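The values are calculated or read from the model by the stated rules, or taken from the named source; none is laboratory data. Not measured: the values here are computed from a predicted model. Here the Cβ positions follow ideal geometry from the backbone for every residue, glycine too, while neighbour counts run over all protein chains shown. Accessible surface is based on the protein model in full, side chains and every heavy atom, while ligands, DNA and RNA are left aside. Shrake-Rupley method; radii C 1.70, N 1.55, O 1.52, S 1.80 Å.
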Amino acid sequence: MSTPTNEVVLVSHGFQSHYEQGFANGLAENGLPVTLLGSDSTLASRLHPGVTLLNIRGSQDSRRPVWRKARDMALYHLRLLATVWQRRRSTVMIIGMLGPEWLVGVLEGFLLRLICARLTLTVHNILPHNRHTAMMKLVYWIIYRIPHRLIVHTEATRQALVQQFDVSADRVIVMEHGLNDSVEHLPLSKAEAKAALGTDPQRVAVLSFGYISEFKGTDLLLSAIEQRDDLTLIVAGRIGPGEYGDAIRRRLEALKATGRLVWFDGFVDEATIARAFAAADATMLPYRHIDQSGVLLLSLSLGVPVIATQIGGFAETVEPRNGMFIREPSVEAVNEALDQFLAQPSRFPPADVMATVDHLAWRRTVHSVVQWLGGRGGGIGGLRVNT
């Protein structure tokens, strides 16, 4: 195999735009030339000058006809393979997994491994949420053997790869998750922010943010909130389809009628995100399973403490200065944690909370990856690939 160049090609497969931006900028700030294979949803205006954007995915409008979505997807994968072939001496880093896994993770993964000098895959969760089946574990057992290196955001994820999937420890790079620095920290008091949302400024408000799905334990949070009248719930995010999503929507509509819910349904823009976090006294994360969460880090970066289940990467990030734990994913445990928080709602000064994640700027968190690549800038040229 030829000696790799120092170029990095980032493939996000449509993963979160803020993550895509942060990863690309972090590498570029460390002196690496980065080519980002993005889409119309990529935050192009916020990319570092060292990042070259190639928009090969185009429109991501959910209103497109099914036939056009299928056509666009096929064209995207053909363009991806062609682009990587043109840059085959580069390091290709897949930073988000796109389904179907057998096609994208296995077949396309093998092709990319054959084409490019080095291939990495960022593992956000060991298995897809709500799909922890024996068949899915087999598919991912294969996927995890394809790249030269796997990148994870927590030590817990690294251990799970080693213990559950027999991945060699020296193939796993631990890189802490960087902070989303695109959401504005509004200069409002909690009372002012709550009043701006039309809710009681004197009531404690807790926030549930992001895409609503069963693994996040939204049903547990709602069951706890429905039993009490001493706080306001703020919900911001899209609700997933299906029976679970329909049931959550009905319960939210009923809770809204009581005046104890502020609900931003559907896509939430950055201005609304900023308003929601400004009004929240705490962010609720009663997850059933997770490896690491961008919501957790966003909350802490904005000075909002978290109340989270003690699982996965949460156990590595949440500490007495920035939040508290829910002992288990149950309604009783959620209520216990809420009672503890309400007993001392001023325990977490925003400045103290933010200080716990100051070290997680993307330019710092990518250092372990930069080191594997060979150091700053041109030092990569002489690094041999382990095949």
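Taking a cut-off of 12 Å between Cα atoms, list the aspartates and glutamates near Lys194, but don't count ones fewer than 8 places away on the same chain.
Answer for Lys194, where 12 Å is the Cα cut-off: Asp281, listed by chain and number.
Just add up the charged neighbours of Gly96: K/R +1, D/E -1, any other residue whose Cβ is under 14 Å from the Cβ of Gly96.
-3
Probe 1.4 Å, all protein chains in place: accessible area of Lys137 in Å², nearest 10?
Rounded to the nearest 10, the figure is 80 Å².
Pick out, in residue order, every one of the chymotrypsin sites (Phe, Trp or Tyr not before Pro) in the stretch 278-328 that is DSSP loop and has at most 14 other C-beta atoms within 10 Å; say none if there are none.
Counting only loop positions with at most 14 other Cβ atoms within 10 Å, none of the chymotrypsin sites (Phe, Trp or Tyr not before Pro) in the stretch 278-328 qualifies.
If all Cα-Cα distances of the stretch 1-124 are sorted into 10 Å bins from 0 onward, what percent lands in each bin, rounded to whole numbers?
In whole percents, the pair-distance histogram is 13, 46, 34, 6, 0.
Which pairs, out of Lys69/Lys256; Lys69/Lys216; Lys137/Lys216, put more than 26 Å between their alpha-carbon atoms?
Lys69/Lys256; Lys69/Lys216
Indicate the gyration tensor shape class of the chain (rounded, prolate or oblate), computed on the Cα atoms with a ≥ b ≥ c the square roots of the eigenvalues: a/c under 1.5 is rounded; otherwise a/b larger than b/c is prolate and the rest oblate.
Judged from the Cα gyration tensor, the chain comes out prolate (a/c at least 1.5, a/b above b/c).
Which of Gln310, Ala279, Gly14 sits farthest toward the positive end of the charge dipole of the chain, with +1 on the Cβ of Lys and Arg and -1 on the Cβ of Asp and Glu?
My answer, from the dipole projection, is Gly14.
Please get the size of the charge dipole for the stretch 121-181, origin at its Cα centre, with Cβ charges of +1 on Lys and Arg and -1 on Asp and Glu, quoted in debye to the nearest 20.
The calculated dipole for the stretch 121-181 is roughly 300 debye.
Rounded if a/c is under 1.5, else prolate if a/b is larger than b/c, else oblate: which is the stretch 217-300, with a ≥ b ≥ c the root eigenvalues of its Cα gyration tensor?
rounded
Would you calculate, for the chain, the mean residue ellipticity at 222 nm contributed by helices, counting each DSSP H stretch of 4 or more residues as -39,500 (n - 2.57) and dividing by all residues, to the nearest 500?
Computed mean residue ellipticity for the chain: -11000 deg cm²/dmol.
Over the alpha carbons of the stretch 266-356, what is the largest minus smallest coordinate on each principal axis, giving the biggest first in Å?
Largest to smallest, the principal-axis extents are 33, 28, 23 Å.
Starting at the first residue of the stretch 193-203, write each ³J(HN,Hα) from the Karplus equation 6.51 cos²θ - 1.76 cosθ + 1.60 with θ = phi - 60°, in whole Hz, x for Gly and Pro.
With coefficients 6.51, -1.76 and 1.60, one gets 5, 5, 4, 5, 8, x, 10, 4, x, 8, 8 Hz.
How much net charge surrounds Ala24 when only other residues with a Cβ under 14 Å from its Cβ are counted (Lys, Arg +1; Asp, Glu -1)?
Net charge around Ala24: -2.
I need the peptides 24-35, 260-271 ranked by packing, meaning the mean over residues of other C-beta atoms within 10 angstrom, with the highest value on top.
24-35, 260-271
Carbon-plus-sulfur fraction of the accessible area of the chain, 1.4 Å probe, in percent?
53 percent
Stretched out fully, how many nm does the piece from Gln227 to Asp40 gain, at 0.36 nm a residue minus the Cα gap?
Taking 0.36 nm per residue and subtracting the Cα distance, the gain is 63.0 nm.
What's the magnitude of the charge dipole for the chain around its Cα centre, counting Lys and Arg as +1 and Asp and Glu as -1 at the beta-carbon? Answer in Debye, nearest 20.
1460 debye
Quote the relative contact order of the stretch 1-124 in percent (integer), defining contacts as alpha-carbon pairs under 8 Å separated by 6+ residues.
Relative contact order here is 30 percent.
How high is the relative contact order of the chain? Use alpha-carbon pairs under 8 Å, at least six apart in sequence, and give a whole percent.
Relative contact order here is 18 percent.
Could you run the Karplus curve 6.51 cos²θ - 1.76 cosθ + 1.60 with θ = phi - 60° over the stretch 98-115 and give me ³J(HN,Hα) per residue in whole Hz, x for Gly and Pro?
10, x, x, 4, 5, 8, 7, x, 8, 5, 5, x, 4, 5, 5, 4, 6, 7
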